[in-house]
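A.B. asks: Quick one: this structure, given as structure tokens, is what I'll be asking you about.
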Amino acid sequence: MKVCLISAPTANQFDHRAVDEMEAARIMGELAPVGILSLAAVLEATGLQPEVVDLNRVYYSWLQGPDRNKTDFCSFAGAYFAGCDFDFFGFSTVCSSYPLTLRIAAQVKRAHREAVVVLGGPQASVVDVSTMRAFPWIDLVVRGEAEQSLPALLDALTQHSSLAAIPGITFRRNEDGGIVRNPDAPLVADLDALPFPAFHLFPDIRLCRHFPLELGRGCPFACTFCSTNDFFRRRFRLKSPEHMIAEMRRVRQTYGINSFELVHDMFTVDRKRVVAFCEALLESKEEFTWGCSARTDCVDEELIALMARAGCRGIFFGIETGSPRLQKIIDKGLDLNDSAERVRSCDKFKIKTAVSLMAGFPEETMNDLRATAAFFVDSLRFDHADPQLSLLAPLADTPIQKQHQDSLLLNDDVADMSYRGWPQGPQDHAMIAAHPEIFSSFYSIPMPFLEPEFLKELRDFLLNGMRAFRRLLLGLHQDSGNVMDVFQSWRVWREKNGVHFAHGARTAYYAQSGFPADFLRFVRLHYIPVAGRATLAMTALVEYEAALLGHGHEPDGIRGNQEQTSDTQTSDGMDETLSPDSRPRLLRGVHVIKLTADYQEIVRRLRQRSPLNDIPGHPVQLAIRSTPQGPAEARQLTPLSAELLGLCEGGLTVREIAAEFLQRKIEVPGVPADLVCLAGIEILRQQRLIALA
Ligand code: B12
Ligand code: SF4
């Protein structure tokens, strides 16, 4: 039997930016469909030679190629599969691209009447019967973990024998077309017994930076919005440390990759096993780095320290809500002080944390939302924390979806989890509208206590505010008592000042540079004069952000570097030897700004949540360096460096600058002025603030 396994499309990144071939391959490698590759390896072990088609790769070909203007992606993919010769087409599914996957499957069935078209994966597994009723081109669904049921199914299909005894499948009876749902398949009890996934069938894996490897399955918790706990039937399983390390070594040997994304919904359930894994990694002396998912109540500082030593560089924390009341309602049950402490611990050990939050629960009130917004912004105190805020989407077959299935709303203003991926065309919309029971994630649950538009704007505000002016956002939160108050007054102000959005234009406005520019104006002209408490600190924060963004009025003391911007500097003079005759000058893109208060001290206080209102009025200078590649960088200057940078703007030689030092009586006791100058200039050169002319 000729078998084709097809990944669910998930590469939304391509829609929003130009991605070259290398970058595309890197992204696709990181999105490798671990489930399908695990199945492919199992089939290979039985003597079959399955092929794996990455729909993200097909999508990329369509986006890049000339067909994009002639045909839609679904038809393009249909034509691609029409040219293939398989007896079995097995599609993996995820909620966000389920309508598209079903439409592509229809094209496949049309082109290959005799072939079996099968669905598997998290979405089809839980809407199997309704899918097969609604979409007659789907012959079969394999539910749940399929390492045991798929080979049995293929065997039965080859032998033309009955499907009645194959566990975990839902199929259409030949006689009357009735849909039969066999009992669930057994879980894979010993994950170490599975073969190494068939990564060799997925060429893009070679370029990924973080290699995805399955660490285990099953989470014993029961959060009401979550779909994976039931999918893996709450049976927590972990591969042994020896097995994992052997797989990691194999990846390094084959692909030269040392960094891993370890796939498990809840790795840290059993502390002893996490310790054993980390100790084994340390003993192996391999120095692999890795990321994983954890609950904040399953880790402590000691464990985090050990994980960091063992190579952990990133943890995904599903914190969900900042409201203790909602924590109980959604059966997450986290102690939020404890959660914040864990984010702090990770920061201490330089582990990046995704602080994942959600809003839009049906019971959510304004107070709950305030608490979530506060948790979001509070985590900005930690440089390694990356807060995320999504809006609840009722995933099929979750307790929350079942509870509200009769009142779901189809309103693309609210549920956005699924919309994050694939843009829906009219055909998808028609499918979604006709089948809430299948496509519930595209719907929303009514929120009696919250205004959807308010919630969505808050989300855009926080996500983009964090990117554009992280510390100012934190400062405003601390100064006002809650960022929500600032958001509410910003909303009123922007309305009054004529910033309105046409329907659907809100997200685009917040994502573009107009938002930070308007918002900084709001802070200067409205927030600080009307509501600001620590006005000196807030002024310094806003001027700092204005300088970084390079817009707005120039704060007092901003000294532009126009004379340098016109030169065609190709080298930064790093190779030249510094001598008394050298003429240092500011590097292109470097600006010096003056702030009325000590920025470093403000940041220190923000990190520690100490009061900002008694910040001394002590002017400081910062060097801002903008680079075409990334965000601008800022460095607070010592008084000596500030003087030196100022003098570097005058086209003087080092000797002349030293003379100026003497005249201004800038001294370091016991060190001659010319040596101070040389050393200072060398430091500024190392900091890439100046170059030698
Ligand atoms: C890694 C991951 C991603 C990656 C890559 C996904 C990929 N290529 O597989 C990325 C980051 C892209 C991603 C994105 C999203 N994800 Co995601 N993701 C995961 C995660 C954490 C691991 C997937 C995995 O490798 N599992 C391990 C393997 C072994 O399991 P498996 O994939 O389910 O495969 C087994 C079976 O399902 C079955 N099977 C799978 N495919 C097929 C096909 C056939 C033919 C057959 C017979 C059987 C079969 O056999 C496999 C072996 O037993 C899962 C949670 C989880 N633990 O599974 C969520 C999960 C799949 N994601 C989910 C969601 C909702 C999303 C997003 C929509 C939203 C989000 N959370 O950001 C986006 C989609 C973005 C888009 N553009 O469309 C949900 C899906 C729920 C649903 N009902 O569809 C999950 C289950 C998480 C959750 N808590 O609810 N995700
Ligand atoms: S949200 Fe996380 S902790 Fe809760 S059930 Fe799902 S995987 Fe487990």
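A.B. asks: Could you check ALA597 against (1) more than 38 Å from the chain's Cα centre (by Cα); (2) surrounded by 13 or more Cβ atoms within 10 Å (Cβ to Cβ); (3) part of a loop (DSSP other than H, G, I, E, B) and say which number it fails?
C.D. replies: Only one criterion in (1) more than 38 Å from the chain's Cα centre (by Cα); (2) surrounded by 13 or more Cβ atoms within 10 Å (Cβ to Cβ); (3) part of a loop (DSSP other than H, G, I, E, B) is unmet by ALA597, namely (1).
A.B. asks: So ASP87 fits all but one of (1) more than 16 Å from ligand 2 (Cβ to nearest atom); (2) out of contact with any Asp or Glu (no Cβ under 8 Å at 6 or more places or on another chain); what number is the exception?
C.D. replies: Of everything listed in (1) more than 16 Å from ligand 2 (Cβ to nearest atom); (2) out of contact with any Asp or Glu (no Cβ under 8 Å at 6 or more places or on another chain), ASP87 misses just condition (2).
A.B. asks: Residues being buried (at least 20 other Cβ atoms within 10 Å of the Cβ) and either away from ligand 1 (no atom under 11 Å from the Cβ) or over 23 Å from LEU334 (Cβ atoms) (or both): count how many of those fall in the stretch 213-228.
C.D. replies: So the answer is 1.
A.B. asks: I need the full set of residues from the stretch 305-356 which are more than 16 Å from ligand 1 (Cβ to nearest atom), farther than 13 Å from ALA294 by Cβ and of a type in the set (Lys, Arg), in order please.
C.D. replies: ARG309, ARG313, ARG325, LYS328, ARG344, LYS348, LYS350
A.B. asks: Is there any pair with a first residue in the stretch 491-520 that is over 17 Å from LEU458 (Cβ atoms) and modelled with pLDDT of 90 or more and a second that is of a type outside the set (Lys, Arg) and open to solvent by 30 Å² or more (accessible area, probe 1.4 Å) whose Cβ atoms are under 6 Å apart and which are 6 or more apart or on different chains, and what are they?
C.D. replies: Final answer for the pair search is ALA517/HIS551; LEU520/GLY552.
A.B. asks: List the residue pairs whose Cβ atoms are under 7 Å apart, where the first residue sits in the stretch 225-243 and is more than 16 Å from ligand 2 (Cβ to nearest atom), the second is assigned to a helix (DSSP H, G or I), and the two are 6 or more positions apart or on different chains.
C.D. replies: LYS239/LEU191; LYS239/ASP192; SER240/ASP192; PRO241/ALA276; PRO241/PHE277; PRO241/ALA280; GLU242/ALA280; HIS243/ASP192
A.B. asks: For the stretch 199-208, give me the residue count where each residue is within 13 Å of ligand 1 (Cβ to nearest atom) and either assigned to a loop (DSSP other than H, G, I, E, B) or charged (D, E, K, R) (or both).
C.D. replies: Counting residues in the stretch 199-208 that are within 13 Å of ligand 1 (Cβ to nearest atom) and either assigned to a loop (DSSP other than H, G, I, E, B) or charged (D, E, K, R) (or both) gives 3.
A.B. asks: Identify all residues within the stretch 346-370 that are within 11 Å of PHE317 (Cβ to Cβ), among the small types (Gly, Ala, Ser) and out of contact with any Gly (no Cβ under 7 Å at 6 or more places or on another chain); write none if there are none.
C.D. replies: ALA354
Conditions (1) at pLDDT below 95; (2) within 12 Å of ligand 1 (Cβ to nearest atom); (3) of a type in the set (Asp, Glu); (4) open to solvent by 60 Å² or more (accessible area, probe 1.4 Å), marked per residue:
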position	(1), (2), (3), (4)
PRO197	no, yes, no, no
HIS210	no, yes, no, yes
GLU247	no, no, yes, no
ARG252	no, no, no, yes
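A.B. asks: Continuing with the same structure: Taking GLU23, is it open to solvent by 20 Å² or more (accessible area, probe 1.4 Å) and out of contact with any strand residue (DSSP E or B) (no Cβ under 7 Å at 6 or more places or on another chain)?
C.D. replies: yes
A.B. asks: Quick test of your reading of the structure: ALA547 fulfils all but one of (1) modelled with pLDDT of 85 or more; (2) open to solvent by 40 Å² or more (accessible area, probe 1.4 Å). Name the failing condition by number.
C.D. replies: ALA547 satisfies all of (1) modelled with pLDDT of 85 or more; (2) open to solvent by 40 Å² or more (accessible area, probe 1.4 Å) except (2).
A.B. asks: Of the numbered conditions (1) free of Cβ contacts under 8 Å to residues at least 60 places away in the same chain; (2) open to solvent by less than 90 Å² (accessible area, probe 1.4 Å); (3) not polar (S, T, N, Q), CYS648 satisfies every one except a single condition; which is it?
C.D. replies: All conditions are met except number (1).
A.B. asks: If we only count helices (runs of 4 or more DSSP H) wholly inside the stretch 434-537, which ones have 3 or more residues that are open to solvent by less than 10 Å² (accessible area, probe 1.4 Å)?
C.D. replies: Qualifying helices (runs of 4 or more DSSP H): 452-480, 483-496, 514-522.
A.B. asks: Out of curiosity, is ILE315 touching a strand residue (DSSP E or B) at 6+ places or on another chain (Cβ under 8 Å) and of a type in the set (A, V, I, L, M)?
C.D. replies: Yes; evaluated as a whole, the condition is true for this residue.
A.B. asks: Output the number of the condition that ALA82 fails; it satisfies all remaining conditions of (1) in contact with a helix residue (DSSP H, G or I) (Cβ under 6 Å, 6 or more places away or on another chain); (2) open to solvent by 40 Å² or more (accessible area, probe 1.4 Å); (3) within 13 Å of ligand 1 (Cβ to nearest atom).
C.D. replies: (3)
A.B. asks: Just wondering, is there one or more residues in the stretch 279-295 that are hydrophobic (A, V, I, L, M, F, W, C) and open to solvent by 50 Å² or more (accessible area, probe 1.4 Å)?
C.D. replies: Checked the stretch 279-295: at least one residue is hydrophobic (A, V, I, L, M, F, W, C) and open to solvent by 50 Å² or more (accessible area, probe 1.4 Å).
A.B. asks: When you scan the stretch 319-335, how many residues do you find that are open to solvent by less than 10 Å² (accessible area, probe 1.4 Å) and either in contact (Cβ under 8 Å) with a residue 60 or more places away in the chain or under 17 Å from HIS384 (Cβ atoms) (or both)?
C.D. replies: Qualifying residue count, the stretch 319-335: 2.
A.B. asks: Has the stretch 42-55 got any residue that is of a type in the set (Ser, Thr, Tyr), buried (at least 19 other Cβ atoms within 10 Å of the Cβ) and closer than 21 Å to ASP155 by Cβ?
C.D. replies: no
A.B. asks: Among the numbered criteria (1) within 12 Å of ligand 1 (Cβ to nearest atom); (2) modelled with pLDDT under 95; (3) open to solvent by 50 Å² or more (accessible area, probe 1.4 Å), which one does PHE231 miss?
C.D. replies: It fails just one condition, (3).
A.B. asks: Now for a separate question. Here is a list of conditions, (1) touching a residue at least 40 places away in the same chain (Cβ under 8 Å); (2) open to solvent by 10 Å² or more (accessible area, probe 1.4 Å), and PHE260 meets all of them except one; can you say which number that is?
C.D. replies: In the conditions (1) touching a residue at least 40 places away in the same chain (Cβ under 8 Å); (2) open to solvent by 10 Å² or more (accessible area, probe 1.4 Å), PHE260 misses (2) alone.
A.B. asks: In addition: List the pairs whose first member sits in the stretch 264-286 and is closer than 16 Å to ILE245 by Cα, whose second member is part of a helix (DSSP H, G or I) and of a type in the set (S, T, N, Q), and whose Cβ atoms are under 7 Å apart, counting only residues at least 6 apart or on separate chains?
C.D. replies: Final answer for the pair search is VAL274/THR268.
A.B. asks: Condition first: farther than 20 Å from CYS208 by Cβ and of a type in the set (D, E, K, R). Can you find one or more residues in the stretch 245-258 that meet it?
C.D. replies: Within the stretch 245-258 (the criterion being farther than 20 Å from CYS208 by Cβ and of a type in the set (D, E, K, R)), the answer is no, since none of the residues qualifies.
A.B. asks: Pick from the stretch 638-672 the residues that are out of contact with any Asp or Glu (no Cβ under 7 Å at 6 or more places or on another chain) and among the small types (Gly, Ala, Ser): which of them is nearest to LYS594 (Cα to Cα)?
C.D. replies: Checking each candidate, the answer is ALA642.
A.B. asks: Does any residue of the stretch 11-19 turn out to be away from ligand 2 (no atom under 16 Å from the Cβ), surrounded by 20 or more Cβ atoms within 10 Å (Cβ to Cβ), within 26 Å of the chain's Cα centre (by Cα) and not aromatic (Phe, Trp, Tyr)?
C.D. replies: Within the stretch 11-19 (the criterion being away from ligand 2 (no atom under 16 Å from the Cβ), surrounded by 20 or more Cβ atoms within 10 Å (Cβ to Cβ), within 26 Å of the chain's Cα centre (by Cα) and not aromatic (Phe, Trp, Tyr)), the answer is yes, since at least one residue qualifies.
The values are calculated or read from the model by the stated rules, or taken from the named source; none is laboratory data. These figures come from a predicted structure and were not determined experimentally. Virtual Cβ from ideal backbone geometry, glycine too; neighbours counted across all protein chains shown. Heavy atoms of the whole protein, side chains included, go into the accessibility calculation; ligands, DNA and RNA do not. Shrake-Rupley method; radii C 1.70, N 1.55, O 1.52, S 1.80 Å.
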